1. Working only within the range 153-178, note down all residues that are assigned to a loop (DSSP other than H, G, I, E, B), among the small types (Gly, Ala, Ser) and either open to solvent by less than 20 Å² (accessible area, probe 1.4 Å) or out of contact with any strand residue (DSSP E or B) (no Cβ under 9 Å at 6 or more places or on another chain) (or both).
2. Any residue at all in the range 322-329 that's free of Cβ contacts under 8 Å to residues at least 40 places away in the same chain, touching a helix residue (DSSP H, G or I) at 6+ places or on another chain (Cβ under 7 Å), aromatic (Phe, Trp, Tyr) and within 17 Å of LYS66 (Cα to Cα)?
3. Looking at the range 74-85, can you tell me whether even one residue there is within 28 Å of LEU140 (Cβ to Cβ) and of a type in the set (A, V, I, L, M)?
4. LEU55 is checked against (1) modelled with pLDDT of 85 or more; (2) assigned to a helix (DSSP H, G or I); (3) hydrophobic (A, V, I, L, M, F, W, C) and fails just one. What number does that condition carry?
5. Please identify the pairs in which a residue from the range 14-42 that is more than 17 Å from SER232 (Cβ to Cβ) and assigned to a loop (DSSP other than H, G, I, E, B) has its Cβ atom under 7 Å from the Cβ atom of a residue that is open to solvent by 80 Å² or more (accessible area, probe 1.4 Å) and among the charged types (D, E, K, R), counting only partners at least 6 apart or on another chain.
6. Give the residues of the range 87-105 that are open to solvent by less than 40 Å² (accessible area, probe 1.4 Å) and hydrophobic (A, V, I, L, M, F, W, C), sorted by residue number.
7. Checking the structure you have, find out if any residue of the range 286-293 is of a type outside the set (Ser, Thr, Tyr), open to solvent by less than 60 Å² (accessible area, probe 1.4 Å) and free of Cβ contacts under 8 Å to residues at least 40 places away in the same chain.
8. Have a look at GLU349, GLU379 and point out the one that is under 29 Å from THR294 (Cα atoms) and either among the charged types (D, E, K, R) or at pLDDT below 85 (or both).
Amino acid sequence: LKLGGILLDSVAVRYKGNSTFYIAETNGIDKVPYNIDINKYVPGQKVMGYKKIKLASALFDPTFVKEMTGYAIYRNYLPSPQANLMRLNVEGNYLGLYVNTESIDASFLKKHFGEKDGTLFKCDPSAQYGSGAPFLRSNLAYLGPDTSLYKGRYQLKSDALSGWLELLELIDILNNDPARIDSILNVDRVLWYFALNQVLLNTDSYNTLVMHNYYLYRTEDGLFQIIPWDLSETFAGVMLDWLNDPDLIYQMDPYLGLSQSGFPLVASLLSNPIWNKQYTAHLRTIYNEQIADTTVVHDFAASAQSLAYSAAQTDPWNYFSMSQFTNNLYHWFPWFSVKIAGIMKTINERKSFLSTFPELLKSPPVILDVYQSDTIAFETDSIYISTEVTNATQVDLMLSKSIHKSR
């Protein structure tokens with residue numbers, strides 16, 4: 001493997017992906033997704049601190065930047081992978097422009113949580129697209145006390161098989177004793193994840209149209225942490241074919257799952273009045289910081305496209321024209337039996353809808369003059385925080401012990 005002038009010997013290469021691999025393989029398209037393991041055969045071998053390169057083909061994204069833009073926003077609010085674009089040459093031939101996404105592995109866990117030995121699950125059905133296997137949801141529904149009932153819906157990525165019992169404990173509490181869910185789940189992180197999925201219309205996520213594409217990692221404090229994955233359908237992606245009227249996507253209820261069956265994680269968390277208010281506050285924060293001024297998303301995506309233009313133009317397996325590459329930043333268009341959403345069209349429509357949504361129109365509490373003591377009071381091992389809060393009847397102080405880095 002030669003990467004940026006660096007030659008690496010004895011790396012492991014395999015195919016990856018689900019629908020993008022199946023569709024490419026069955027249609028004779030050489031540009032398939034790859035998983036490159038840099039240190040599998042040479043222990044300690046890394047590139048810029050990373051052990052793996054995960055290359056997605058961006059098969060259904062004319063812009064090439066939807067996933068990369070989505071991760072850039074998610075990283076501001078919870079641990080999320082880095083992502084960039086790469087040109088891939090195989091045996092001297094240019095195969096095309098790929099999206100490289102940071103692997104959810106020991107290095108990622110150590111960076112964000114300061115540890116790496118806890119239980120890790122990829123919450124995605126193991127059956128491959130096109131296999132004919134029944135469609136399963138990774139929705140954390142309780143199926144019974146037998147751990148084998150869950151093995152088609154979740155993939156254990158850590159070593160100890162006892163991880164299945166830990167996942168079952170989480171699912172059991174969530175469904176059968178939800179008042180205790182905050183004893184085993186970092187609830188606030190899930191609420192941020194939910195809010196991001198809804199504001200940015202990540203339609204291939206737990207609380208939108210398809211309940212999968214996330215990881216769960218249990219940290220030493222006993223809490224499961226949620227980690228987003230596969231943001232290729234952010235900004236509505238190609239999922240507009242699910243609903244004939246695009247406006248139904250743009251006007252998706254941000255509380256979807258609260259009153260519908262089949263969303264136990266949404267129902268358990270958002271039925272709690274305090275957590276419901278926290279979620280609403282997160283919706284408002286992301287709305288104000290990311291889409292109220294639409295240039296935030298536009299400038300990042302347009303800049304990334306500018307850097308990628310030449311690589312996309314010469315990509316021998318690019319399904320789309322360069323006119324579609326440019327225009328899909330702004331507009332959706334029909335493509336065979338689907339509609340491919342435009343980034344800015346989605347953002348503008350979502351902004352218009354959320355700006356009139358009743359819950360977000362309510363006057364929020366105002367936090368003023370936050371003060372934190374500079375030193376620890378050693379006699380009590382305490383740090384003092386004071387603030388003034390108006391338009392509220394209750395104030396809770398929340399503390400995160402994560403070493404999460406937003407960028």
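1. Correct list: ALA160, SER162.
2. no
3. Let us first name the residues in the range 74-85 that are within 28 Å of LEU140 (Cβ to Cβ), namely 74-83.
Now drop any that are not of a type in the set (A, V, I, L, M), which leaves 78, 83.
Yes: one or more hits.
4. Unmet condition: (2).
5. Close Cβ pairs (under 7 Å, with a partner that is open to solvent by 80 Å² or more (accessible area, probe 1.4 Å) and among the charged types (D, E, K, R)) amount to ILE38/LYS46; ASN39/LYS46; VAL42/ASP9.
6. The initial filter retains those residues of the range 87-105 that are open to solvent by less than 40 Å² (accessible area, probe 1.4 Å), namely 88, 95-105.
Once the filter is applied, which keeps residues that are open to solvent by less than 40 Å² (accessible area, probe 1.4 Å) and hydrophobic (A, V, I, L, M, F, W, C), the range 87-105 yields LEU88, LEU95, LEU97, VAL99, ILE104.
7. Here is the first cut: in the range 286-293, the residues of a type outside the set (Ser, Thr, Tyr) are 286, 288-293.
Filter once more, keeping what is open to solvent by less than 60 Å² (accessible area, probe 1.4 Å): 286, 290-292.
Now restrict to residues that are free of Cβ contacts under 8 Å to residues at least 40 places away in the same chain: none.
Taking every residue of the range 286-293 in turn, none turns out to be of a type outside the set (Ser, Thr, Tyr), open to solvent by less than 60 Å² (accessible area, probe 1.4 Å) and free of Cβ contacts under 8 Å to residues at least 40 places away in the same chain.
8. GLU349
The values are calculated or read from the model by the stated rules, or taken from the named source; none is laboratory data. These figures come from a predicted structure and were not determined experimentally. When we count neighbours, we look across all protein chains shown, and the Cβ atoms used for this are built from the backbone with ideal geometry, even at glycine. Just so you know, the surface numbers come from the protein's heavy atoms only, side chains and all, with ligands and any DNA or RNA stripped out. Shrake-Rupley method; radii C 1.70, N 1.55, O 1.52, S 1.80 Å.
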